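Written out below as C-alpha cells is the structure these notes cover.
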Amino acid sequence: VDPRLGAQVHRRWWVAEAAVADVRSEGGKLVLDLADGTCVPVGRTFAGAVRERFAGAKPRPTPP
C-alpha cells in the first residue's frame, strides 16, 4: 500500500489519510474519527507519527 495515501496507526489498523475527520484524545489515548463514523484506536508505538502526519487535525479532549 502506498504510504502517501495513509498510515498504519495501530498494529491492526491502516487508515487512508482522506478518511480521517478528526484526531482526539480519549482517556489519555489518541483516537482517530473517520468520515464514516468509525473510531480507530492509535497504538502508543504510532502516536508520534500520527500526531505529525495529522497535525492539521488537532487532538481534542473528550468531554467527561
Could you tally the net charge around Ala7, taking each other residue with its Cβ under 12 Å from the Cβ of Ala7, Lys/Arg +1 and Asp/Glu -1? 0
Cβ under 12 Å from Gly43's Cβ, Gly43 left aside: what net charge do those residues give with Lys, Arg +1 and Asp, Glu -1? +4
Expressed as a rounded percentage, what relative contact order does the stretch 5-44 have, with Cα pairs under 8 Å and six or more residues apart? 32
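We did not get these values from a lab; they are worked out from the coordinates using the rules stated. Just so it is clear, the model here is predicted, and its values are computed rather than measured. All Cβ positions, glycine included, derive from the backbone under ideal geometry; neighbour counts span all protein chains shown.
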